[in-house]
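Just below is one structure, and these are the notes that go with it.
Just so it is clear, none of the values below were taken in a lab; they were calculated from the coordinates. Keep in mind the model is a prediction, meaning the values are calculated, not measured. Note that each Cβ is placed from the backbone with ideal geometry, even for glycine, and that neighbours are counted across all protein chains shown.
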Amino acid sequence: MENNSFLNRVLLQFQDGSKQLREDISAIVLTPEGHLWLGADETTTVERLDPTDSDTFEEHQQFPVSDFIYLPAGTEQEIDIEGLDYANHYLWLVGSHSWKRKKNKSNKTDLENIKRLATIESEANRYILARIPLVDGQLFKSCKHPDNPKQQLSAATLQLTKKANVLMDALAKDPHLSSFIVGKIPSKDNGLDIEGIAVNQNSIFLGLRGPVLRGWAIILELELKEISPNILKLKPIGEDGHLYKKHFVDLMGLGIRDLCWHGQDLLILAGPTMVLDGPVKVFRLKNGINRQENVLLKPEPVLDISYGDRVDHAEGITLFGGMPDKPSILVVYDSPAPQTRLEGENGIFADVFQL
């Protein structure tokens, strides 16, 4: 599939021993200082790469998330990071909040794999929505605000509950989403699956890969308040005192894979909810910051993203400042094509597209 908006490729070079990490990238954000932050869906760490020239990021540093926030299942269980964003000197991250069905494995018999397909499970670390202070390219558990020393920045997590967190408890009563949550529908079966976060001032937007309801994808909008130095709670912001807003978006039947801001507009990376290769598109929701809830929205499609045969699944986007005269986004991929996207033992190519 040709794409006339394609500009060039950027090499992401990780440290030795990161062969698997580079193949599981699921979230990305480029901060104003030029640091590239990445998350993977099978780790409990976030990664930082620095630009060394116009088309290479390297000098890999790894930050264990457990150094800054509490992980209910410790470091032995993945967070399934599916979204990263930066705002107001905080790095924000979100887990998938999903149930999962066990995959088939090539070393198992057909009968064993059929039994695996009947196994549905969830993991406590997936229900993380958190912020970590980020100042001068470093993460902190707590630090002074760089512009206001009287203000303290602190790492914090959305309040966890016995089963998940307060957001999931609220959504379990939602008329559109409750059946997917109470019924424990796995993410790859059109179940609830958060993929993408975009933060603006006090508003947090979460994109849902699933469920897609008769072709309509959903963006959740939240506002949080701090109830202790390390715990965040949902503020009532919706109609009738609801703890969230819902925005229904027509993405041509696709689910949301990532979100990022372009000025006041919200860019939406969209792809299939199920285990399919494509199509993959980027949409623009104009004035996405100021949208009423419970309105059917039709964002403008602006890009088609190439995809392969069971490879090169676009998972994350971020605004890219490598070409100031050409507004562009950087796209990272899960399941990279070995021959064309991987470089050496620890490198991988990301793509730059003009908006």
Given (1) crowded, with 21+ Cβ neighbours inside 10 Å; (2) more than 22 Å from Leu266 (Cβ to Cβ), Leu91 misses just (2)
Just one of Thr75, Thr43 is outside any strand (DSSP E or B), in contact with a helix residue (DSSP H, G or I) (Cβ under 6 Å, 6 or more places away or on another chain) and either of a type outside the set (Gly, Ala, Ser) or under 21 Å from Ile317 (Cα atoms) (or both); which is it? Thr75
Only unsatisfied item for Gly34, checking (1) over 18 Å from Gly316 (Cα atoms); (2) part of a loop (DSSP other than H, G, I, E, B), is (1)
Counted residues, the stretch 1-23 - those being under 13 Å from Asn346 (Cβ atoms) and crowded, with 16+ Cβ neighbours inside 10 Å: 8
Matching residues in the stretch 15-30 (within 20 Å of Arg209 (Cα to Cα) and either of a type in the set (Val, Ile, Thr) or part of a strand (DSSP E or B) (or both)) number 5
Which of the residues spanning the stretch 174-195 are touching a residue at least 60 places away in the same chain (Cβ under 8 Å) and in contact with a helix residue (DSSP H, G or I) (Cβ under 7 Å, 6 or more places away or on another chain)? Gly191, Leu192, Asp193
Qualifying residues in the stretch 78-106 (those that are within 19 Å of Gln159 (Cα to Cα) and free of Cβ contacts under 8 Å to residues at least 60 places away in the same chain) - the one farthest from the chain's Cα centre (by Cα): Glu78
Would you call Thr43 over 17 Å from Phe320 (Cα atoms), surrounded by 14 or more Cβ atoms within 10 Å (Cβ to Cβ), β-branched (Val, Ile, Thr) and within 21 Å of the chain's Cα centre (by Cα)? yes
The residue from Ala170, Ala198 that alone is small (Gly, Ala, Ser), in contact (Cβ under 8 Å) with a residue 12 or more places away in the chain and in a helix (DSSP H, G or I) is Ala170
